[in-house]
Amino acid sequence: MSRTDESQIPIRLYGLRRGTVTTLTVLCGLFTVFTLIPLLWIVINSTKNQANIFESFGFWFAKPFQFFHNLYQLSQDVDGEGTYLQWMGNTAGYAALGGGGATVLSALAGYGFARYRFRGNRPLFFFVLSALLVPVTAITLPLYLVYAKAGLINSIWGLILPSLVTPIGVYLMRVYIAGSVPPELIDAARIDGAGEIRILLRLAVPLMVPGLLTVFLLNVVAVWNNYFLPLMIFSRSNLYPLTVGVGLWAQRVQGSGSTQLVPLVVIGGLITIIPMVALFLLVQRYWRGGLLLGSIAN
C-alpha cells in the first residue's frame with residue numbers, strides 16, 4: 001500500500017455509507033453555487049451601463065464594456081455628496097482603529113479572565129457575556145444622546161469608541177487562551193523572575209496568534225459593515241463610511257430612476273468585497289501557522 005493510501009481514512013470508519021457521502025457532497029456543491037450566484041451577478045453587471053443592467057440578461061456580458069469607466073466614476077463626486085474613494089479611506093481608517101483596538105482590549109481582558117484568579121472573576125465574565133443579549137440598535141439612540149452632550153457628533157471617535165467594546169471578542173480570547181496558553185508555562189516564567197508584561201508579550205502572545213487573528217477579522221468585518229451607528233452620528237458626507245455612502249446612492253436610485261448611479265452602486269458593492277477577501281487571504285497562512293505552533297507548544 002502506498003503512502004498516499006495509508007494516509008487516507010476509509011469512509012466506513014466514519015460510519016457513513018458512500019451514497020450518503022455523495023449526497024452530502026452534492027448538497028454542499030449546490031449550496032456553494034447558491035452562495036456564489038450573487039457574487040457572479042455583481043461581477044458581470046459591474047461591466048455594464050445602466051440601460052444594460054436592466055435590459056440585458058443578468059448573468060452574461062453586454063456591450064459596451066463599461067467596467068473601467070464605472071471604476072473611474074468612483075473617483076468622481078457624481079452627486080455632490082463625496083466620492084467613493086473618500087468613503088473607502090474613511091472605512092479603512094475606522095476598521096483599522098476600531099478592529100485593532102478591540103482586538104487588543106479583547107486579548108487583555110481574555111488573558112486576565114483566563115490566567116488570573118480574583119474575586120468576582122466568573123460573575124464579571126458572565127456580566128460581560130450578558131452584553132451579547134443587548135442588540136446594537138437598542139443602544140444607538142442612547143449613544144446619540146450621550147454623544148450630543150459630549151460633543152462627539154460628527155467625530156470619528158463617536159464610531160470608534162463603541163467598536164472597541166466587543167463581548168464576543170472577550171469570550172473567544174478567554175476560551176482560546178484557556179486552552180492554548182499553559183498555566184505551567186506562566187508559572188515557570190514567574191519563578192525565573194519574568195514580569196507579567198514580559199510573560200504576556202514574549203510567551204502568551206505568540207501562542208495567541210490564531211485567536212488574535214480570528215478576533216481581529218471579526219472586529220474589522222463588524223466595523224466595515226456597520227451602517228446604523230454612522231448613519232445616526234454623521235451628518236457630513238466627508239465622514240461617511242462606505243455603507244452609508246453607497247446606501248445614499250441606492251436611496252437616490254430608488255427616488256429617481258433616471259440617475260446614472262446604478263452602475264456605481266453595483267461596482268461599488270464589488271469593490272467593497274475585495275478588501276475583506278484580501279485581508280482573509282493575507283492572514284490565513286499565519287492562521288494555519290499559529291494553530292500548528294499552538295499544538296506543538298501544548
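The values are calculated or read from the model by the stated rules, or taken from the named source; none is laboratory data. The model shown is predicted, which means the values in this text are computed figures rather than measured ones. Positions of Cβ are backbone-derived with ideal geometry, glycine not excepted, and every protein chain shown enters the neighbour counts. For the accessible areas, the whole protein counts, side chains as well, though only heavy atoms, and no ligand, DNA or RNA atoms are used. Shrake-Rupley method; radii C 1.70, N 1.55, O 1.52, S 1.80 Å.
For the reader, a short list of remarks on this structure follows.
- Total residues in the stretch 215-248, condition open to solvent by less than 40 Å² (accessible area, probe 1.4 Å) and either farther than 18 Å from residue 97 by Cβ or touching a strand residue (DSSP E or B) at 6+ places or on another chain (Cβ under 6 Å) (or both): 5
- Residue satisfying condition, being small (Gly, Ala, Ser) and modelled with pLDDT of 90 or more, within set 194, 188: 188
- Test for residue 282: is it out of contact with any Lys or Arg (no Cβ under 9 Å at 6 or more places or on another chain) and modelled with pLDDT of 90 or more: no
- Filter result for residue 188 (open to solvent by less than 50 Å² (accessible area, probe 1.4 Å), outside any helix (DSSP H, G or I), out of contact with any helix residue (DSSP H, G or I) (no Cβ under 7 Å at 6 or more places or on another chain) and over 29 Å from residue 127 (Cβ atoms)): no
- Output for the stretch 54-80, where each listed residue is part of a loop (DSSP other than H, G, I, E, B) and open to solvent by less than 50 Å² (accessible area, probe 1.4 Å): 56, 58, 62, 66, 74, 75, 79
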